[in-house]
Amino acid sequence: MEATITSFLVFFFLLLVAVRGDDPYRFYTWNITFGDIYPLGVKQQGILINGQFPGPQIDAVTNDNIIINVFNNLPSPFLLSWQGIQQRRSSWQDGVYGTNCPIPPGGNFTYIMQFKDQIGSYYYFPSLAFHKAAGGYGGIRVLSRPGIPVPFAPPAGDFTILAGDWFKLNHTDLQGILDSGNDLPSPDGLLINGQGWNGNRFTVDQGKTYRFRVSNVGIATSVNIRIQGHSLLLVEVEGSHTVQSTYTSIDVHLGQSYSFLVTADQPPQDYSVIVSTRFTNPVLTTNAVLHYSNSNGALSTVAPPPAPTIQIDWSLNQARSIRWNLTASGPRPNPQGSYHYGLVNTTRTIRLANSRASINGKLRYAVNSVSFIPADTPLKVADFYNIQGVFALGSMPDNPTGGGAYLQTAVMAANMRDYVEVIFENSENFVQSWHIDGYAFWVVGMDGGQWTPASRQSYNLRDAVARYTLQVYPQSWTAIYMPLDNVGMWNIRSESWARQYLGQQFYLRVYSPANSWRDENPIPKNALLCGRASGRRTRPL
């Protein structure tokens, strides 16, 4: 009998290998430590991955299986999350506290992910406490599979730019400011790939074209990128090929990623790659160098593209101009069950209004008057074990309440295969940036003023770009369409990390009554269990 069982298990394993034989595995081992860094010339405590800041880049191809064994050598719990990676059928790998128990100090956890049906530019970051302000982030580059046409010639090189604001205070000091009920000070500077002014050089050959992938990994401000003497040909936004439009500069809001092509068609000199903050006073700026390989190091005297004005209209019009490339292939040719997003009737409308509030004498941020507080057990874990009292479905309202803010572990209930319209409403005077884990969505409209049902008449139902992070301009709204086709417990959050930390987030529970592996993977055998789930078993072999 035992031999029969063993033979069956071997057969089952070989069957899995055969079924997934076309999807390679990539293995990583990452050691997370604190180390001294000097990004703005001041000694700070940074989060290093294998001694690196920023961390190692992940290079992959669509459908690759990514195995990352993370050893936490920090004195505090730790998690990594994967911005824009959809974790199809597997919110267990999402790496936020609502889905995963933290990796304890001295412990480890192995993430097992598949970059299923995705291409494009993404990044990872530490999601607990205020670790994001200490580094621990890195780029993710997902290339198309061989044989899948890409709507531009292969570039001569592919550069990653992780840009964002930075503070000279350590992350623990920043967290302490928020815990005391106060807001963060203004950032002290900007970084490009962990370095300050002229800390990076991108070498190009004259006459060739290069791809630049830019992600805003900051915690507080939108940025703008431009290159002296060169145009930026936008080709991809967060996993979607775009209509190829030329820009002199591009706004990248918190959490967002863009790809553009740059042709080295200028005299052989050195040119400035300029990143500056948007909608701030003062404006912070930093530089990298675009170096021609046949240059003698002479600096170009060409005037750099002017920085955008502080006016919102410039940025809003640019955002509206970004369109989906309807003739380009996606991650796979001719996907089964494909449809056009604008021809499907929505089944539910959700309106989300951000706000700033004071609760118990301390600064908080809220969505529809609810300021999120973490539970003692990750929500996904509590849901799996049916642990009562951790959260209540429906504790996140579908519409603004107009009432005072209050504390709640907010979870919105939703059903698999619903097709929802979500309107983000911003009555404040600051640009908001929002991310939804587990999904890409179509940004169908944005405008100033108050959203009303009549606003739907201005929606783009033909070629809106699909992406995973959106911006909402001051006194404005942004609308998205999103098919709920990914079962799980998914974080919807502000990408302003102070706002996220102080409550401007909630979880969307997408539920399927089938309880089938077709809809959702089982709990991982190596899942960490904590809180009220401590001592339970995951599942047998």
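Observations
- Cα-based shape type of the range 25-143, given that a ≥ b ≥ c are square roots of the gyration tensor eigenvalues and the cut on a/c is 1.5: prolate
- Protection-proxy order for peptides 173-179, 474-480, each taking the mean of Cβ atoms within 10 Å per residue, highest first: 474-480, 173-179
- For the range 192-247, the fraction of alpha-carbon pairs lying more than 12 Å apart is 78 percent, rounded to a whole number.
- Label zone at Thr327 (point 7 Å along Cα-to-Cβ), backbone N below 18 Å, the range 255-279: none
- For the range 511-541 and the range 368-395, distance of Cα centres in Å: 16 Å
- FRET efficiency, 1/(1 + (r/R0)^6) with R0 45 Å, evaluated for Thr280 and Arg417 via beta carbons: 0.60
- Within the range 454-498: backbone nitrogen closer than 20 Å to the His340 label point (7 Å, Cα to C-beta): 456-467, 480-483
- Within the accessible surface of the range 157-321, defined with a 1.4 Å probe on protein heavy atoms only, the carbon and sulfur portion equals 50 percent.
- The mean accessible area for residues of the range 341-533, using a 1.4 Å probe and ignoring ligands and nucleic acids, is 37 Å² per residue.
- When the C-alpha to C-alpha distance is required to be over 19 Å, the pairs from Lys380/Lys525; Lys132/Lys380; Lys132/Lys362 that qualify are Lys132/Lys380; Lys132/Lys362.
- Dipole magnitude for the chain: computed about the Cα centre from +1 point charges on Lys and Arg Cβ and -1 point charges on Asp and Glu Cβ, it is near 620 debye.
- Average projected area [Cα convex hull, the chain], square nanometres: 26.0 nm²
- Cα gyration tensor category, rounded, prolate or oblate, for the range 254-340 with a/c compared to 1.5: oblate
- Within the straight-line cut-off of under 16 Å between alpha carbons, the aspartates and glutamates reachable from Lys116 are Asp22, Asp23, Asp59, Asp64, Asp94, Glu238, Asp437, Asp485, Asp519, Glu520, sequence neighbours fewer than 8 places apart in one chain being disregarded.
- Among the chymotrypsin sites (Phe, Trp or Tyr not before Pro) in the range 294-381, those located in a DSSP loop and surrounded by at most 14 other Cβ atoms within 10 Å of their own Cβ are Tyr339.
- Computed about its Cα centre, the charge dipole of the range 341-533 is approximately 280 debye, with only Lys, Arg, Asp and Glu carrying charge at their Cβ.
- Span from the the range 249-266 Cα centroid across to the the range 401-451 one, whole angstrom: 26 Å
- Sulfur and carbon atoms: percent of accessible area, the range 341-533 [1.4 Å]: 49 percent
- Sorting 66-76, 420-430 by their mean Cβ neighbour count within 10 Å, with the most densely packed peptide first, gives 420-430, 66-76.
- Think of the chain as a dipole: +1 on every Lys or Arg Cβ, -1 on every Asp or Glu Cβ, centred on the Cα centre; then among Phe202, Asn345, Ala264, Asn345 lies furthest on the positive end.
- Per-residue extension of 0.36 nm, minus the Cα-Cα distance of Trp517 and Asn73, leaves a gain of 156.4 nm for this segment.
- Between Asp23 and Asn50, the distance separating the two model label sites (each 7 Å from Cα on the Cα→Cβ line) works out to 2.4 nm.
- Ordering Tyr473, Ile225, Val289 by Cα displacement along the dipole of the chain toward the positive end leaves Tyr473 in first place; charges were set at the Cβ atoms of Lys, Arg (+1) and Asp, Glu (-1).
- Computed FRET value (nearest 0.05) for Tyr385 with Leu143, which takes r as the C-beta separation and R₀ as 41 Å: 0.60
- Nearest-0.05 FRET efficiency for Asp313 and Gln57, computed from C-beta distance (R0 22 Å): 0.05
- Euclidean distance between Cα centres, the range 208-231 to the range 277-348, Å: 8 Å
- The magnitude of the dipole of the range 157-321, with charges of +1 and -1 set on the Cβ of Lys/Arg and Asp/Glu and taken from the Cα centre, is near 340 debye.
The values are calculated or read from the model by the stated rules, or taken from the named source; none is laboratory data. Since the model is a prediction, treat every value here as computed from it, not as a measurement. Counting neighbours? That spans all protein chains shown, and the Cβs are built from the backbone with ideal geometry, glycine included. Accessible surface areas use protein heavy atoms only, side chains included; no ligands, DNA or RNA. Shrake-Rupley method; radii C 1.70, N 1.55, O 1.52, S 1.80 Å.
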